[in-house]
Every structure is written in C-alpha cells, then in structure tokens.
Amino acid sequence: MNFFHILSEIEKTDPEVFERFDSRREVFKHLTGFGKKLTAATLPMAMGAIFNKAYGQTSSAPSVFDVLNFALKLEYLEATFYNLGLAGDGTVGTGAASTTVSASQTVLRNQFSETNRNALLKIRTDENNHVNFLRAAITQAGGTPIAAPAVSQFDFTGGKGNNAGPFAGVFSSAAVFLAVAQSLEDTGVRAYKGGAPYLASNKDVLTAALNIHSVEARHASRLRTMRRGGPLNNEASKTAAGSNPSTSPKSWISGQDGGGAAPTYTAPIYGAGQAPSYTPAGITFPAEDNVTQGGVNLQTTLASLNFPAAAFSEAFDEPLPVPTVITIAQTFTITGSTFF
Amino acid sequence: MSKITQPGGDEAEFAKPLYTPIKRRSFFMYAGATAGATALLLSGCDDDDETTNDMPGMVNVGSSSLGVLNYAYALEQLEAGFYTALRDGSYYKGLGATSAEKQILDDLYYHEVIHREFFKAALGTNAIKALEPDFSKIDFSSRTSVLGTAKAFEDLGVAAYNGAGRYIATDNAGLNYLVIAGKIVSVEARHAALIRDLVSEGSFVDSDVVTIATNGLEISKSPSEVVTVANTFLKDGSKLNVSGLV
C-alpha cells in the first residue's frame, strides 16, 4: 500500500487536490502529527480526516450545530404551519402542542375525512416532536438551540406579511392547505439530504437526522396521496395518480412534478440547487428529474429494461443546499424577517 | 448498425452486460481514497485475532463504505426480486389496468429494479453475488400477503438504510455514498408510507415504525437486526453475514 500512490491517483482525477490541502508539506505534517499511533490499521481513518479537511470542511462549511439549528428552523416552520391550521395559536417549542381548536380551525378540519384529519394530526405531532427533539439534542451536545420565532414572523399565504399572497386560503381551504403542506415536506426531505454530509462526523447525530429525514418523506408521501384522492376520501391510497402531477401527484416525485402544487411559486422546490463552494467534491444538487447517479446516466444505461422514462427520476430523490432551501423557506416569512 | 435503442431488438446487444467498466469508473472517480484505503486495511490487518467472517454458505457484505453499499445492494436485490415475482402472481394479474394498486406495484417494481441495477453497476467487481431469494412463504394470490410483504420490505429497507449510514466512511467518497443512500432511502420511505396506507389507511407513521409518542423519529435498525428478517427470505447459500458492519 502506497499513500503517495493514492494521492497521485487522486491528482489524476482532481488536479487541484494539492491546492485543496493547505500545502503538500502541511498534509504530511498533519500526518506526522498522528505520531506513533499511526499504524497500518488506523491509517485509513487518518487519511479520511485529511481528505475531509481538504474536500469537506473549509472554513465556511456548516458545523454539526449549524446543520442542526438549520434543521430546527425548518421544523419551526413546519410545526407552526400545522399548529396554525389544526390546533393552538401556532406557538411551537413549549413542550406538548396546544390542543385548543378555534372556530376557523374547525372549518378547515371539517373539510377532511376523519382518516385524513387524523393523518394531518399525526404529522403535526411529529413536527412538534422534531422541534423538541432537536432543541434537546443541540443542548445536550453543548450547543444553543435557536429560539422559536414569533408566529407573526410567518405568512403562509406567501404574502410576505399581508396575509393575502398566492396561497391565500391556506388555513381555510383544504386544497390550499395540502398544497402548502406538500411543498414544505418535500422541501424538508431535500434539505435533510443536503445536510447529511456535514453530520457524518457525529454518528449518533447523523442517525437521528436520517431518522427525521425518512419521517418527512413518509409525511410527504401521505400528503401527496391525500391530494391525489381528495381531502374527503377515506381511501385516498386507492386513487390512481392522474396525468397532471401538480393536482394529482404520485406519492413520490416524478420528474419535476410539473413544478409542484403551485408551479409559479413551488417550482424551485423541485429544481436544481447551486452548490456552495464548501460542498464536498462530487456532491451536486440537480433538479428532481435527474437520471444520472454516481456519474452513470441510468436511463440510457438501463434502456434495455424498457421502463418508463419517469421511473429513472422517481427512483432517486435529490438533495438541496442550504442557500436554496433558505430562498424557498423565505416564501413563508414576512418582509424584513431575518429568521432564515 | 442502427443506433436506435430498441431494447431486445438485437440479441447480441441484449445479452451484453448492462454496464461497461468505463461507466463504472465515473462512479468511482471520487472513490480513489476509499478503494486504496480498503486495500490497505486488508493487507495491513493480518493479526491473528481478526475474525474470519465468512461463515460457511453465507454472503459477507464486507465492511465500511463498500460493506454498506453491498448491504444496500443485497436488500435491493430482495425488494426487486419480490416485486418481480409478484408480477407472475394471480393477485397482481387480476388488478385492473388502470387501478391504483397496479400503477403503484408497477412503479415500485421499476424503482427497486433500478436501485438494484444501480448498486450492481456502482460496485462492479466489488459486488456480492446475485442472491437467491426464498419467497415460498408469500402467497402471491392474496392481497393481504402481497401488500403485507411489500410493507415489511419497504419498512425494513428504510430502517436498514437509516441504521447503516453510520458505517459509511467519512472520507470524500463516503460522503458521496451517504448522499446517494439518502437519495434512495427517502424514496423507500415514500413507498413504505403508501403501502402502509394501502394496507391500513393513515398508518404511514404508526408506532411500529416511528416513535410518534415521543420524538417522531424513524425506528432505525442495525444491520444484524435487519438480516435476521432478510435472511428468512433468502435461500441457504445466499443468507447475509453483516458482521463487518460494526
């Protein structure tokens, strides 16, 4: 085994590898710094650390706490949304969520079948629990969780504070409520995926984040199922997807889903993200209709399977980087809000 | 010399392996460090206390990033095999052409076969063998059995991916693999939620898969927990050994 050989192999694919290190000399200084503990068996880990330093973590890459706090912000956004729609005054982050149901919330709730209403309440419970979990996790690890924003920081109509934006009726119309809910959950799924590489150094935190990520995907799936079947349909899952993915989506993302629930406003949720400079080499943020994975165009390579073209994009979800998620999330904050 | 892609039209073309080494190479463009490190680990670890993990007749997925990729490949083989097998069963065949369940089972078949073929390509010569499934306990004429098994496989897949993320190396290649695994697991979770809803409407995050009463987290499973279940669907000689994923 030849460490120099590995470096030169990488250099062939990435000519700038040495520039990514402080300097070639510095690398070996770091390596020497591991001292006598550097046995053959531990060398791979040591090398992992060096490459992480070179590729993964420049000074501006988010820390574990940065990622957790950003996830917490998104959970505040989601939990506030479900709380405003279904029960309580929107307040999040003070233990168990309020169960008081207002007259206007009753109007919205009654537009759903009991099964669908209960499904929404389960999602609401999960999102409030995610807030509490992340707050505790950040505190336990010695960090400071970002405080819950005032409910007035949000405008879920997308009106930036005038409460009369493109999603006007979000808390009075089941269709609009589900459209916004799907948009928030699909965004969350992409955001957690984008954050995962920065959590890899802490295995327990990584596992916890993955365990939230898949729950967000389950939520997104159920909301899409309900949009397909309609809010009063007790057997929504038995409704086949229609030809228009914006109004009758599959439970997973197909292509770019025609731009999502309200294409004019939700298209970025299914579009490409711009990779920040600190992104580890090789990780990209293509739009959801991407069919190239690990450098292989699956649609052409697997053409002999004779599968529908859409299947190749549906089989993989795609990550989004923090800046793109911020832009999307700001759709639902008021003008002048610095929360995101 | 037609270049039009006509699947099955040309027998020689059809019989060709789906992938060429060149395409594989692009996947491993960033994996040089891992490949080298693995080689080092293998050549460097000649201690006597190293366990010989190849129990007779079992398929050892290996360790670290490649171990996780092979573990995922094994589970995708199982899922793809299941959705392929059910297409010959009377339950699937009896579904109406435009029924939701047919559309769903078709999509799941496509997705899982694509996942399997992706891992096969990505792993290349590092891939474990094609596994032989044992679906003898599944009644492919019964909706309850077909959807119940689909639910079990999808939930197991999500729990498995979530539980295995921690065993992927943290080098650059590993971070790329982590994102790839993330791209797949959320699709598995979308599958799981829908299949659960088909079995019992609104059960997409019930307490057997999500700790909904406390923190709203998926209940992930360790590789050894997962193979205890997975191995009941694999024939002798194809059962999995995941002792390297620790």
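The values are calculated or read from the model by the stated rules, or taken from the named source; none is laboratory data. Given the structure is predicted, the values throughout are model-derived calculations rather than measurements. Quick reminder, even Gly has a Cβ in these numbers, built from the backbone with ideal geometry, and neighbours come from all protein chains shown.
Data table
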{"read-out": "Those residues of the range A:282-327 which are part of a helix (DSSP H, G or I), more than 9 Å from chain B (Cβ to nearest Cβ) and more than 17 Å from the chain's Cα centre (by Cα), in sequence order", "value": "A:299, A:309, A:313"}
{"read-out": "Condition check for residue B:131: under 12 Å from the mean Cα position of the chain (by Cα), more than 17 Å from residue B:224 (Cα to Cα) and modelled with pLDDT of 95 or more", "value": "yes"}
{"read-out": "Residue in the range A:172-195 that is surrounded by fewer than 22 Cβ atoms within 10 Å (Cβ to Cβ), over 15 Å from residue A:253 (Cβ atoms), free of Cβ contacts under 8 Å to residues at least 60 places away in the same chain and of a type in the set (Val, Ile, Thr) present", "value": "yes"}
{"read-out": "Criterion: touching a residue at least 24 places away in the same chain (Cβ under 8 Å) and within 9 Å of the chain's Cα centre (by Cα) - qualifying residue of B:91, B:73", "value": "B:73"}
{"read-out": "Residue match in the range A:188-210 (condition: of a type in the set (Val, Ile, Thr) and more than 19 Å from the chain's Cα centre (by Cα))", "value": "no"}
{"read-out": "Within the range B:116-128, considering residues that are away from chain A (no Cβ under 13 Å) and farther than 18 Å from residue B:176 by Cβ, the one farthest from the chain's Cα centre (by Cα)", "value": "B:125"}
{"read-out": "Failed item, numbered, when residue B:183 is tested on (1) part of a helix (DSSP H, G or I); (2) touching a Gly at 6+ places or on another chain (Cβ under 9 Å); (3) surrounded by fewer than 22 Cβ atoms within 10 Å (Cβ to Cβ)", "value": "(2)"}
{"read-out": "Of all residues making up the range A:129-179, the number that are more than 30 Å from residue A:201 (Cβ to Cβ), in contact with a helix residue (DSSP H, G or I) (Cβ under 7 Å, 6 or more places away or on another chain) and not small (Gly, Ala, Ser)", "value": "10"}
{"read-out": "Residue ID - surrounded by the most Cβ atoms within 10 Å (Cβ to Cβ), chosen from residues in the range A:236-248 that are without any contact (Cβ under 8 Å) to a residue 40 or more places away in the chain, of a type outside the set (Val, Ile, Thr) and closer than 15 Å to residue B:193 by Cα", "value": "A:237"}
{"read-out": "Per-region count, the range A:125-164, residues in a helix (DSSP H, G or I), more than 10 Å from chain B (Cβ to nearest Cβ) and buried (at least 16 other Cβ atoms within 10 Å of the Cβ)", "value": "3"}
{"read-out": "Condition met for residue B:137 (loosely packed, with under 14 Cβ neighbours inside 10 Å, modelled with pLDDT of 95 or more and under 14 Å from the mean Cα position of the chain (by Cα))", "value": "no"}
{"read-out": "Residue B:184 aliphatic (A, V, I, L, M) and touching a Lys or Arg at 6+ places or on another chain (Cβ under 9 Å)", "value": "no"}
{"read-out": "Test result for residue B:189, at the interface with chain A (Cβ under 8 Å from one of its Cβ atoms) and either at positive phi or outside any helix (DSSP H, G or I) (or both)", "value": "no"}
{"read-out": "Subset of the range B:203-246 that is surrounded by fewer than 17 Cβ atoms within 10 Å (Cβ to Cβ) and more than 14 Å from chain A (Cβ to nearest Cβ) - its residue that is nearest to residue A:192 (Cα to Cα)", "value": "B:224"}
